[in-house]
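What follows is a short report on a single structure.
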Amino acid sequence: MIVCCANPCAYCQSPIVSGQRWVREKIYDPALKDRDASYLRYHAEPFAGQHESCWERHQLKQELSRTTAYAA
């Protein structure tokens, strides 16, 4: 297994290996003025036996948080 980048998947913490598709999410932190954005990386393809990728699970979790916050 050859790791293509030093950053693991932000969802499952597994390394993103060469040949795997991945998604990069840009994160802005307003508290860090005069600094560039940081990035989180996620697996874009589901693992064997799974229905959603790490990226899709991350998106579902965010949507659930927004929906729950809106309902409260």
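Just so you know, all these numbers are worked out from the coordinates, no wet-lab data involved. These numbers were taken from a predicted model, which means no experiment stands behind them. Counting neighbours? That spans all protein chains shown, and the Cβs are built from the backbone with ideal geometry, glycine included.
At a glance:
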{"item": "Helix-derived mean residue ellipticity, 222 nm - over the chain, DSSP H n ≥ 4, -39500 (n - 2.57), to 500", "result": "-8500 deg cm²/dmol"}
{"item": "10 Å Cβ shell holding at most 15 others, DSSP loop, trypsin sites (Lys or Arg not before Pro): longest site-free stretch of the chain", "result": "36-72"}
{"item": "Per-residue HN-Hα couplings for the stretch 40-50 [Karplus 6.51, -1.76, 1.60; θ = phi - 60°; Hz; x = Gly/Pro]", "result": "10, 10, 9, 5, 8, 10, x, 6, 4, x, 10"}
{"item": "Sum of side-chain charges, ARG21 neighbourhood, beta-carbon under 12 Å (Lys, Arg +1; Asp, Glu -1)", "result": "+1"}
{"item": "Under Karplus coefficients 6.51, -1.76 and 1.60, residue-wise ³J(HN,Hα) of the stretch 19-28 in Hz, glycine/proline x", "result": "x, 7, 7, 9, 10, 10, 10, 8, 10, 9"}
{"item": "Reciprocal mean inverse distance between Cα atoms of the chain - Kirkwood radius, Å", "result": "13.8"}
